[in-house]
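To start, the structure itself, in structure tokens.
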Amino acid sequence: MDLILKNPYRIVGILVGSTAREQERQIKRLKKFIAADQNPEDDFSFPALGDLKRTNSTVDEATSKLNLNIDKVNAALFWFMDGNTITDEPAFNLLHQGEITEASTIWDKLVNGKEISSKNASAFFNLATLYFNSAYKNPSFKEKHLEKGIQLKLKFLESSFITGFINKSADETFSISKINLQLSFLNLLLSQLEKSSIIATNKLIDILLKIDFSAKDEFLKSLSLKPIAEIEAKV
């Protein structure tokens, strides 16, 4: 999934919530490795997720996408954040080592059959990102993984913990409602699904009908109006 594999945070090699100083330091460090035709092994790009080829050009492009608040938030929706050092750090260490299943297990134990809380909110968020990535892993598309990722991410985006997420991914001048944040997430996901042509829109509708979230009616209405608008445009 390009939203993850080509995510600006991944290309730069940082987590959601990294400070401007940390980001600047990482970019300078990364460019030194690129000049030496090497890849740093200890940043947060997690090579095990999929192919990653970084150049000065791609790093500069990614950096530019982490300048505006709305772009930073949109990119953050499909990456990882350190919300609970006690549980997230061990999972990130496993991802560094390429142990994706083991990292997933740590977060799964925190969310499976549990309500979202301050102790496991980031587990919902991060595990969803892993599910999105695994849905697109060869040899075949895994619709159940996509569905699980959507459920977990919307559970997080419906919670009160989105305030902390917004504060981590944007500055204090930025504000966005819960509904608009959910719509941003779903529209980005829809664009990715349409681009890949892997599942039909009605499949996405079936998944969303099973989930309760604030933007549900508005998003489903926009989906129903889209074919009409396309027909009118052709006419």
Quick check: at a probe of 1.4 Å, how many percent of the accessible area of segment 92-235 sits on carbon and sulfur atoms? 52
Might you report the magnitude of the Cβ-based charge dipole of the chain about its Cα centre, with Lys and Arg at +1 and Asp and Glu at -1, to the nearest 20 debye? 180
For Lys195 and Arg25 in one chain, what is 0.36 nm times their gap in residues minus the Cα-Cα distance, to one decimal in nm? 57.8 nm
How about Lys28: which lysines have a C-alpha closer than 28 Å to its C-alpha, ignoring those fewer than 8 places off in the same chain? Lys6, Lys53, Lys65, Lys72, Lys168
Starting from the Cα gyration tensor of segment 74-157, take the square roots of the eigenvalues, sort them a ≥ b ≥ c, and report rounded, prolate or oblate (rounded when a/c is under 1.5, otherwise prolate if a/b is larger than b/c, else oblate). oblate
Work through the residues other than Leu154 whose Cβ is under 10 Å from its Cβ and net out their charges, Lys, Arg +1 and Asp, Glu -1. +1
Quick check for you: with a 1.4 Å probe and neighbouring chains kept, what is the accessible area per residue of the chain, in Å²? 52
Scalar couplings 3J(HN,Hα) for segment 155-168 by Karplus 6.51 cos²θ - 1.76 cosθ + 1.60 (θ = phi - 60°), nearest whole Hz, x for Gly and Pro, are 4, 5, 6, 8, 8, 6, 7, 5, 4, x, 4, 4, 5, 6
For segment 26-96 and segment 117-156, write down the distance between their C-alpha centroids in whole Å. 19
When each pair of different Cα atoms in segment 151-195 is counted once in the 1/r mean, what is the Kirkwood radius in angstroms, to one decimal? 11.3
What length, rounded to one decimal in nm, is gained on full extension from Asp60 through to Lys144, with 0.36 nm per residue of separation minus their alpha-carbon distance? 26.7 nm
Based on the alpha-carbon gyration tensor of segment 98-235 and its eigenvalue square roots a ≥ b ≥ c, which shape applies: rounded if a/c is under 1.5, prolate if not and a/b is larger than b/c, or oblate? oblate
Convex hull volume of the Cα atoms in segment 122-186, per residue, in Å³? 81
Kindly provide the Kirkwood hydrodynamic radius of segment 8-134 in Å, to one decimal, from all pairs of distinct alpha carbon atoms. 15.2
If you consider only alpha-carbon coordinates, what radius of gyration and Dmax does the chain have, in Å? 17.9, 58
With no solvent and one equal point scatterer placed on each C-alpha of segment 41-90, evaluate the Debye formula and give log10 I(q)/I(0) for q = 0.16 Å⁻¹, two decimals. -0.63
Sort 207-217, 118-128 for me by packing, meaning the mean count of neighbouring Cβ atoms within 10 Å per residue, highest on top. 118-128, 207-217
Under the helix-only model (-39500 (n - 2.57) for each DSSP H run of 4 or more, divided by the residues of the chain), the mean residue ellipticity at 222 nm, to 500 deg cm²/dmol, is -20000 deg cm²/dmol
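The values are calculated or read from the model by the stated rules, or taken from the named source; none is laboratory data. Computed from a prediction, not measured in an experiment: that's the story for all the values here. Cβ atoms come from the backbone with ideal geometry, glycine included; neighbour counts cover every protein chain shown. Accessible surface areas use protein heavy atoms only, side chains included; no ligands, DNA or RNA. Shrake-Rupley method; radii C 1.70, N 1.55, O 1.52, S 1.80 Å.
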